[in-house]
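The values are calculated or read from the model by the stated rules, or taken from the named source; none is laboratory data. As the structure is a computational prediction, the values presented were derived from the model and not from experiment. Positions of Cβ are backbone-derived with ideal geometry, glycine not excepted, and every protein chain shown enters the neighbour counts.
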Amino acid sequence: MMQKLMTLTLVAVLAGCAILEPQAAEPAGNGSPKRKDKVVLSDAEWKKRLTPEQYRILRSKGTEAAFCGVFYDNKKTGTYSCVGCKLPLFRSDAKFDSGTGWPSFFQPVSKDAVWMKTDRSHGMVRQEVLCARCDGHLGHVFDDGPRDKGGLRFCINSEILTFKQER
């Protein structure tokens, strides 16, 4: 019950297009999956690769404003990938309209595409979703997704996604 109240509070704050301030990025590790294709760059290299807004979200754990992201209402068929390392993360057939203003998915493209860790920022306890290849902040996962699809809602920032449409 408390988790749902905190989730609703966060949605209410962000629905007004307020933006939460980013938290300090944590070093890789701390549960990060070991991968042969791991992408590890310096802050300077990340800043060259990403726009300032992408850097703020992906590397500094920021959040884009609700209902303002390019993909929150995208209905096209295809795959969403990490803007930082190009790892495929979510498919359009797992996307659903959660009413929150962010792209929402009930599952990642594969179990090794993302990883989660506890996020205690902003007076809440949530599960942060990170890219398994570059450890970039993607968003959060909640337990209020479609029950017939496992009950999860991966709430992901549009700004850190690329989209490849299928024909």
Original post:
Looking at (1) surrounded by 15 or more Cβ atoms within 10 Å (Cβ to Cβ); (2) under 19 Å from GLY145 (Cα atoms); (3) hydrophobic (A, V, I, L, M, F, W, C); (4) touching a Ser or Thr at 6+ places or on another chain (Cβ under 8 Å), which is the only condition ALA94 fails?
Top reply: (4)
Original post:
Mind checking whether some residue in segment 122-139 is in a loop (DSSP other than H, G, I, E, B), of a type in the set (Gly, Ala, Ser) and either on the phi > 0 side of the Ramachandran plot or under 15 Å from the mean Cα position of the chain (by Cα) (or both)?
Top reply: yes
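Scanning segment 95-118 for residues that are free of Cβ contacts under 8 Å to residues at least 24 places away in the same chain and either aromatic (Phe, Trp, Tyr) or not in a loop (DSSP other than H, G, I, E, B) (or both), which turns out nearest to HIS140 (Cα to Cα)?
Within segment 95-118, the match that is nearest to HIS140 (Cα to Cα) is THR118.
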**OP:** Report the residue count in segment 54-91 for those that are touching a residue at least 40 places away in the same chain (Cβ under 8 Å) and in a helix (DSSP H, G or I).
**Re:** 3
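May I ask you to say which residue of THR51, THR118, THR63 is more than 11 Å from the chain's Cα centre (by Cα), among the hydroxyl-bearing types (Ser, Thr, Tyr) and more than 17 Å from SER32 (Cα to Cα)?
THR51
Can you tell me which residue within segment 153-167, out of those that are farther than 22 Å from GLN54 by Cβ and basic (Lys, Arg), is surrounded by the most Cβ atoms within 10 Å (Cβ to Cβ)? Step through it out loud before you land on a result.
Of all residues in segment 153-167, those farther than 22 Å from GLN54 by Cβ come to 153, 166-167.
Of the ones still in play, those that are also basic (Lys, Arg) are 153, 167.
Working: ARG153: 23, ARG167: 4.
Selected residue: ARG153.
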Original post:
In segment 47-68, how many are out of contact with any strand residue (DSSP E or B) (no Cβ under 8 Å at 6 or more places or on another chain), at pLDDT 95 or above and surrounded by fewer than 20 Cβ atoms within 10 Å (Cβ to Cβ)?
Top reply: 8
Original post:
What residue, among those in segment 103-121 that are closer than 21 Å to ASP148 by Cβ and not small (Gly, Ala, Ser), is surrounded by the fewest Cβ atoms within 10 Å (Cβ to Cβ)?
Top reply: LYS111
Original post:
Under the condition of being among the β-branched types (Val, Ile, Thr) and farther than 14 Å from ILE57 by Cβ, which residue from segment 69-91 is surrounded by the fewest Cβ atoms within 10 Å (Cβ to Cβ)?
Top reply: THR77
Subject >> Selection count, segment 92-131, where residues are among the small types (Gly, Ala, Ser) and closer than 21 Å to ARG59 by Cα >> reply: 4
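I'm trying to understand the selection: among the residues of segment 122-152, which are basic (Lys, Arg) and either surrounded by fewer than 20 Cβ atoms within 10 Å (Cβ to Cβ) or in contact with a helix residue (DSSP H, G or I) (Cβ under 6 Å, 6 or more places away or on another chain) (or both)?
Those that are basic (Lys, Arg) and either surrounded by fewer than 20 Cβ atoms within 10 Å (Cβ to Cβ) or in contact with a helix residue (DSSP H, G or I) (Cβ under 6 Å, 6 or more places away or on another chain) (or both): ARG147, LYS149.
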